[in-house]
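Asker: Before we start, here is the structure in question, set down as structure tokens.
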Amino acid sequence: GDPDDPTDTTIPEAPSILAEKSATITDNGDGVLGAGDVINYTITVENTGNVTLTGVGLVDTLTDFNGTVLTLDSGPTFDSADQGSLEGTLLVDEIATYLASYTITQDDVDAGGVSNTVLADGDSPAGTNVDDDSDDPNDTEDVDPDGDGDPDDPTDTTIPEAPSILAEKSATI
């Protein structure tokens with residue numbers, strides 16, 4: 001009466017992904033944040049679940065503060081993954097880095113700034129799709145409504161107004 005069946009331990013998959021996007025500015029040489037300066041974005045996507053993710057991709061949304069849709073100069077382009085995976089695959093706890101850039105225009109200055117978010121997604125072995133809107137890790141005023149430690153806020157580059165005018169007048173007799 002010994003059925004000799006295996007002892008199975010079922011491990012439920014719990015796929016999860018986390019995206020962050022930070023920005024640095026490269027000045028065009030005039031020492032003023034404004035038109036001609038380049039915003040360099042670094043995007044990290046981490047597999048925070050317990051299964052390998054495949055089909056990992058990004059959808060980037062860039063607008064000025066008036067909501068006008070803008071186009072990145074480059075990227076998001078896959079740079080590397082800290083466990084050596086190729087683009088599109090994320091092992092458990094692996095972080096992939098992507099790079100993008102945008103050159104600020106006068107219209108962006110007039111709008112007061114630029115806002116950028118990325119939506120990262122991937123598929124579990126069982127075909128479950130997981131996604132996450134990016135968080136700006138440098139934003140200290142993050143609001144985390146669901147308390148999961150992932151506030152999902154856009155990466156905003158505020159361009160402060162610096163109005164100035166110069167008038168000159170000369171006369172000859």
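Asker: Could you work out the relative contact order of the chain, using alpha carbon pairs under 8 angstrom and six or more residues apart, expressed as a whole percent? Please list the in-between numbers first.
Answerer: Numbers: 379 pairs, mean separation 44.8, N = 173.
Relative CO of the chain lands at 26 percent.
Asker: Where nothing but the Cβ of Lys and Arg (+1) and of Asp and Glu (-1) is charged, how large is the charge dipole of the chain around its Cα centre, in debye to the nearest 20? Write down the numbers at each step before the final one.
Answerer: Details: 2 positive and 40 negative charges, 216 e Å.
For this selection, approximately 1040 debye.
Asker: Then there is this: Given Cα pairs under 8 Å that are at least 6 residues apart, what percent is the relative contact order of region 1-88?
Answerer: Dividing the mean separation by the residue count of region 1-88 yields 24 percent.
Asker: Simple spin-label model, 7 Å along Cα-to-Cβ: Ala162 to Thr68 in nm?
Answerer: 2.1 nm
Asker: Along the charge dipole of the chain, Cβ charges K/R +1 and D/E -1, which of Ile104, Leu119, Val59 sits furthest on the positive end?
Answerer: Ile104
Asker: Using a cut-off of under 15 Å, list every residue of region 77-118 whose amide N is near the label point 7 Å from the Cα of Thr26 along the Cα-to-beta-carbon line.
Answerer: 77, 99-104
Asker: Could you compute how much accessible surface Leu90 exposes when probed at 1.4 Å, giving the result in Å² to the nearest 10?
Answerer: The accessible area of Leu90 comes to roughly 0 Å².
Asker: Measuring from label point to label point, each 7 Å out along Cα→Cβ, what is the Leu119 to Thr77 span in nm?
Answerer: With each label placed 7 Å out from Cα toward Cβ, I get 2.5 nm.
The values are calculated or read from the model by the stated rules, or taken from the named source; none is laboratory data. This one's a predicted model, so the numbers in the text were calculated from it and none came from an experiment. Positions of Cβ are generated from backbone atoms using ideal geometry, with glycine treated the same way; all protein chains shown enter the neighbour counts. In case anyone asks, the SASA skips ligands and DNA or RNA and just uses the protein heavy atoms, side chains included. Shrake-Rupley method; radii C 1.70, N 1.55, O 1.52, S 1.80 Å.
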